[in-house]
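Step one of this worksheet: look at the structure below.
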Amino acid sequence: MIEARDTGSPQQAPGEGGRDFWPADKPGRKPPNRKLLYGGAAALVAVVVAIAAVLLLGGGGDGGKAPRDVLPTAYTPDFSGEGFTAIASRQADKRPVSEGEALGGDAKRLTSGKYAFTLGASNVTSDCKSATWGARLQGDLAKLGCTQIVRGAYVSSDKKYVGQFIAINMADEEGVKQVQRDLDRATGAGWVRPLNPPGVPEFGAGFSAAYAKTYGHYVVITWVERAGGVQPASLNEMIDVSLVIEKPADFVWGRLDLVGGGTGGGKRP
């Protein structure tokens with residue numbers, strides 16, 4: 001399932017963002033729901049004003065840190081959780097996630113087709129509040145058993161793209177789904193703070209797209225942009241980049257194998 005809720009972009013120029021912008025049908029992928037995609041257009045002016053306020057009031061550079069309180073322009077949740085029933089509860093998967101497990105080894109460099117990314121910044125914290133903003137989101141994370149947030153920021157070899165990999169360790173799948181609902185910017189609940197790797201503009205100040213999936217008791221988020229937030233020619237471009245950035249989620253398949261729910265080898269089928 002790959003859909004997107006586009007809520008407007010401060011980088012969008014007149015005449016852009018038309019029919020050719022939205023993802024074309026691809027084999028094995030569900031095409032986006034145009035009612036969701038175009039529904040955000042009615043609120044474009046309000047969203048641009050809101051984004052400008054965020055950037056002015058909380059999004060300035062701060063010693064190399066990413067802007068505060070930033071949101072993706074387009075957001076797609078996937079609540080299905082298919083194939084992860086065996087680890088739908090942390091009771092079956094109690095061991096904390098280490099940085100080496102999620103972001104070490106093959107996850108330091110991601111390649112697929114024409115894309116190549118290197119890990120530029122990383123953080124694993126048990127303080128879920130420090131890695132997020134928004135009272136409602138932070139409250140739900142605490143109430144629903146968030147114990148860790150894993151973040152890795154990747155930069156493409158040509159420095160054209162930046163991607164954020166995020167995994168949130170929740171108590172169970174119901175908590176995962178509630179967090180995904182919170183991340184819809186229409187709720188105003190808050191978001192995860194991105195990391196800002198060196199050598200590229202601050203993340204999140206322009207157009208970006210995020211995709212959240214249910215991996216058992218983990219929320220796995222990929223959040224991608226053209227460096228500097230320049231709007232892409234099509235959301236297909238962002239989808240393709242997000243699929244590369246999602247590769248560190250292989251650690252979840254390894255955990256699925258450990259409880260007997262996977263296919264073996266610690267890799268996705």
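The values are calculated or read from the model by the stated rules, or taken from the named source; none is laboratory data. Not measured: the values here are computed from a predicted model. Because the Cβ atoms are built from the backbone with ideal geometry, glycine has one as well, and the counts that use them run over all protein chains shown. Only protein heavy atoms, including side chains, enter the accessible area calculation; ligands, DNA and RNA are left aside. Shrake-Rupley method; radii C 1.70, N 1.55, O 1.52, S 1.80 Å.
Observations, loosely collected:
- Gained length - Thr125 relative to Ala142, 0.36 nm times residue gap less alpha-carbon distance: 4.7 nm
- Surface accessible to a 1.4 Å probe, Ser98 within the full protein complex, Å²: 60 Å²
- Cα-centre dipole for segment 65-133 with unit charges at Cβ (Lys and Arg positive, Asp and Glu negative), debye to 20: 220 debye
- Surface share of carbon and sulfur [accessible, 1.4 angstrom probe, percent] for segment 129-191: 50 percent
- Prolate/oblate/rounded label for segment 71-138 (Cα gyration tensor, a/c 1.5): rounded
- For segment 187-200, the Karplus equation 6.51 cos²θ - 1.76 cosθ + 1.60, evaluated at θ = phi - 60°, returns couplings of 6, x, 6, x, 7, 7, 6, x, 8, 10, x, x, x, 9 Hz by residue, with Gly and Pro reported as x.
- Distance between the 7 Å Cα→Cβ label points at Ala186 and Ala135: 2.3 nm.
- Cα-based shape type of segment 125-269, given that a ≥ b ≥ c are square roots of the gyration tensor eigenvalues and the cut on a/c is 1.5: oblate
- Contact order relative to length of segment 188-229, as percent, for alpha carbon pairs under 8 angstrom and 6 or more apart: 39 percent
- The slack in the chain from Asp106 to Glu174, taken as 0.36 nm per residue of separation less the alpha-carbon distance, amounts to 21.4 nm.
- For segment 167-236: rounded, prolate or oblate by the Cα gyration tensor [a/c cutoff 1.5]: prolate
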